[in-house]
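Structure, as structure tokens:
The values are calculated or read from the model by the stated rules, or taken from the named source; none is laboratory data. A quick note: this is a predicted structure, and the numbers were derived from the prediction, not measured. Cβ placement follows ideal geometry from the backbone for every residue including glycine, while neighbour counts extend to all protein chains displayed.
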Amino acid sequence: MKKDYDVVILTDSRYLNDSKTDDYKHNVYYEDRLVYHALEQVGLKTLRLAWDDMFFDWSSTRSVLFRSTWDYFDRFDEFSMWLEKISSKTLLLNSEKIIRWNIDKHYLLDLDKKGIHIAQSHFIEKGSKVTLAQLHDILNWDETVLKPCISGAARHTYKLSSENYYHHEQIFQELISSESMMLQPFQHNFINKGEISMMVFNGKFSHAILKKAKAGDFRVQDDFGGSVHDYKPSEEDILFAENAVAACPELPIYARVDIFEDNDGHIALSELELIEPELWFRRHKTAALALAEGVKQKLI
């Protein structure tokens, strides 16, 4: 049966419309429009909708492309049920399998087993009876970063040390009662050198940017005042990023590989973003066409 659309670009309702006063919203809208026009350019009929649109018939499109569904981690149970329902009606890009694998940061352990060097990490499972003081003592880590295993935009991400972790004990206990957390040694090169985001489409490197935290902070996200810079990666950077993507359970159509230099001077994986990563098309407009060509190949 002929479908009405080839691709529906997925966002969340906050970003459906452009904004002349909010640069953040404008950038989201602009990047999605670049993808929209690239898909149209390769001959694919396209629409852009919020993922929770109650009136759209999802069986009327050949595929959906996750782009700026940035409220999913705040509405995880609802999103998870929607994901299961929609996967039976249309093709998901990336797939439901790889999205569910990537949602929970335990995926880092799978990559580590396949030889991808990850940031040193300790996972604290939901319901664990342990304190931050005990964890720091057992692991012998002085400065750390605590974050949820299912998160985004640095939600509940805290920099800890022996001087302040007592102040975070209550929120830690509240969080661990309902979700798994992870603790990592603080990586000083996040401050000194920043984090590199490597964009990879269909397993091949496309472009990169460098993110740096603002003075006095450790979070590189622009939500917290981080800055973005053009970056020319080394061959070693590119090989690392492509190998990380190749180690996934299946080849994703798009990926953002966030890497950094760890405290021992080695390239390490910070995160592998396969669900709805910002891909910085506004700095590399031709990359939107590379993504569109990949989508078209999936639909042939």
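Check THR90, THR69 and return the single one that is touching an Asp or Glu at 6+ places or on another chain (Cβ under 7 Å) and closer than 27 Å to LEU34 by Cα.
Result: THR69 is the single residue among THR90, THR69 that is touching an Asp or Glu at 6+ places or on another chain (Cβ under 7 Å) and closer than 27 Å to LEU34 by Cα.
Suppose we keep only residues that are out of contact with any strand residue (DSSP E or B) (no Cβ under 8 Å at 6 or more places or on another chain) and acidic (Asp, Glu) within the range 144-202. Which one would you say is modelled with the lowest pLDDT?
Filtering first and then ranking leaves GLU163.
Where the second residue is among the polar types (S, T, N, Q) and assigned to a helix (DSSP H, G or I) and the first is under 24 Å from ASN202 (Cα atoms) and lies in the range 71-97, which pairs have Cβ atoms under 6 Å and are six or more apart or on separate chains?
From the range 71-97, the pairs are LYS89/SER59.
In the range 1-15, which residues are under 12 Å from ARG67 (Cβ atoms) and of a type outside the set (D, E, K, R)?
The answer is VAL7, VAL8, ILE9, LEU10, THR11, TYR15.
Among the residues of the range 124-142, write down those that are of a type outside the set (Lys, Arg) and surrounded by fewer than 16 Cβ atoms within 10 Å (Cβ to Cβ).
GLU125, GLY127, SER128, VAL130, THR131, ALA133, GLN134, ASP137, ILE138, LEU139, ASN140, ASP142
Tally time: how many residues in the range 37-60 are more than 26 Å from PHE76 (Cα to Cα) and in contact with a strand residue (DSSP E or B) (Cβ under 8 Å, 6 or more places away or on another chain)?
Final tally of qualifying residues: 5.
Can you find a residue in the range 77-95 that is more than 15 Å from the chain's Cα centre (by Cα), of a type in the set (S, T, N, Q) and more than 30 Å from GLN297 (Cα to Cα)?
No, the range 77-95 contains no residue that is more than 15 Å from the chain's Cα centre (by Cα), of a type in the set (S, T, N, Q) and more than 30 Å from GLN297 (Cα to Cα).
Of the residues SER234, SER206, only one is at pLDDT 95 or above, surrounded by 17 or more Cβ atoms within 10 Å (Cβ to Cβ) and of a type in the set (Gly, Ala, Ser); which?
SER206
All but one of (1) out of contact with any Cys (no Cβ under 7 Å at 6 or more places or on another chain); (2) crowded, with 16+ Cβ neighbours inside 10 Å hold for MET182, so report the exception by its number.
So MET182 meets the others, but not (1).
When both residues are 6+ apart or on different chains and their Cβ atoms are under 6 Å apart, which pairs have a first residue that lies in the range 165-177 and is within 13 Å of LEU146 (Cα to Cα), and a second that is of a type in the set (D, E, K, R) and in a helix (DSSP H, G or I)?
Qualifying pairs under 6 Å: none.
Within the range 66-79, identify whether any single residue is touching a His at 6+ places or on another chain (Cβ under 8 Å) and part of a loop (DSSP other than H, G, I, E, B), and answer yes or no.
No, the range 66-79 has no match at all.
Looking at ARG219 and the list (1) modelled with pLDDT under 95; (2) assigned to a helix (DSSP H, G or I), which single condition is not satisfied?
ARG219 satisfies every listed condition except (2).
Quick check on the range 256-278: of everything there that is touching a helix residue (DSSP H, G or I) at 6+ places or on another chain (Cβ under 7 Å) and within 17 Å of VAL64 (Cα to Cα), which residue is surrounded by the fewest Cβ atoms within 10 Å (Cβ to Cβ)?
ILE275
Considering only residues of the range 29-60 that are within 18 Å of ASP71 (Cα to Cα), modelled with pLDDT of 95 or more and among the hydrophobic types (A, V, I, L, M, F, W, C), which is surrounded by the fewest Cβ atoms within 10 Å (Cβ to Cβ)?
Ranking the qualifying residues of the range 29-60, first place goes to ALA50.
Applying the selection to the range 104-142, what residues are of a type in the set (Asp, Glu) and under 26 Å from ALA244 (Cβ atoms)?
Selection gives ASP104, ASP110, ASP112, GLU125.
Return the residues of the range 255-281 that are assigned to a strand (DSSP E or B) and over 11 Å from the mean Cα position of the chain (by Cα); say none if nothing qualifies.
ILE259, PHE260, GLU261, ILE267, ALA268, LEU269 - these are the residues of the range 255-281 that are assigned to a strand (DSSP E or B) and over 11 Å from the mean Cα position of the chain (by Cα).
For the range 1-23, name all the residues that are in contact with a strand residue (DSSP E or B) (Cβ under 9 Å, 6 or more places away or on another chain) and either aliphatic (A, V, I, L, M) or at positive phi (or both).
Scanning the range 1-23 gives VAL7, VAL8, ILE9, LEU10, LEU16.
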